[in-house]
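Accompanying notes for the structure given below.
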Amino acid sequence: EQQLLIVPYLCRMQEKYLQSGSPLDLEPLIQDDVANYIGYSKTSVSRLVRNLTIQLPDERVIFADELIPGSMILNLKGTYALTQLQQDSVLYHNGSWKVSDERIVPILRDRFGIDLARRTVAKYRESMGIAPSHERKAIGK
């Protein structure tokens, strides 16, 4: 019964994301927001959304917690934006970045509205298995 309240709320809050599929369109939503909406505790919401699936109009089935990104939202958006930048041959070619992490920071801000520190870009880049620029330069020599 409570799940019947949660699903429409999540779909309404994340409508843009559900239409585009792009993590850049996720709204910053936490379990406290859902708890306040349905009048239950955060612990109850956690239990209710655990393993709760939602079938979308396009027949895809997703877990409800995908629509509650919480503190992971910046990580999701940053990693997704870096994968999008990999499509730009001016910035990325043959498996390596042509620019430093420091140069990527303003590009992320300008193109995607994501404001990250250089160290955070480095963390996301490393999680994607891409070497730091000084190592990339040494390999290219």
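The values are calculated or read from the model by the stated rules, or taken from the named source; none is laboratory data. Values in this document were obtained by computation on a predicted structure and should not be read as measured data. Here the Cβ is made from the backbone with ideal geometry for all residues, glycine too, and neighbour counts use every protein chain on show. Each accessible area value is taken on the protein alone, full model and side chains, heavy atoms only, with ligands, DNA and RNA left out. Shrake-Rupley method; radii C 1.70, N 1.55, O 1.52, S 1.80 Å.
Here is how the numbers come out for the structure above:
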quantity	calculated
Relative contact order computed over the stretch 1-116 (Cα-Cα under 8 Å; 6+ residues apart), in percent	21 percent
Helical contribution to [θ] at 222 nm, DSSP H n ≥ 4, -39,500 (n - 2.57), averaged over the chain, rounded to 500	-16000 deg cm²/dmol
Size of charge dipole - the chain - debye, nearest 20, with Cβ of Lys, Arg +1 and Asp, Glu -1, no other charges	700 debye
Two-decimal log10 I(q)/I(0) for the stretch 55-108, as the Debye equation yields it once each C-alpha is a single scatterer, q = 0.15 Å⁻¹	-0.60
Mean Cβ neighbour count within 10 Å, used as a protection proxy, ranking 52-62, 31-41 highest first	31-41, 52-62
Debye intensity ratio in log₁₀ form over the Cα atoms of the chain, taken at each q of 0.10, 0.17 Å⁻¹	-0.45, -0.92
Heavy-atom accessible surface of the chain: percent carbon and sulfur, 1.4 Å	49 percent
For the stretch 60-128 and the stretch 1-40, distance of Cα centres in Å	23 Å
Å² of accessible area per residue within the chain, as computed with a 1.4 Å probe and no ligands counted	61 Å²
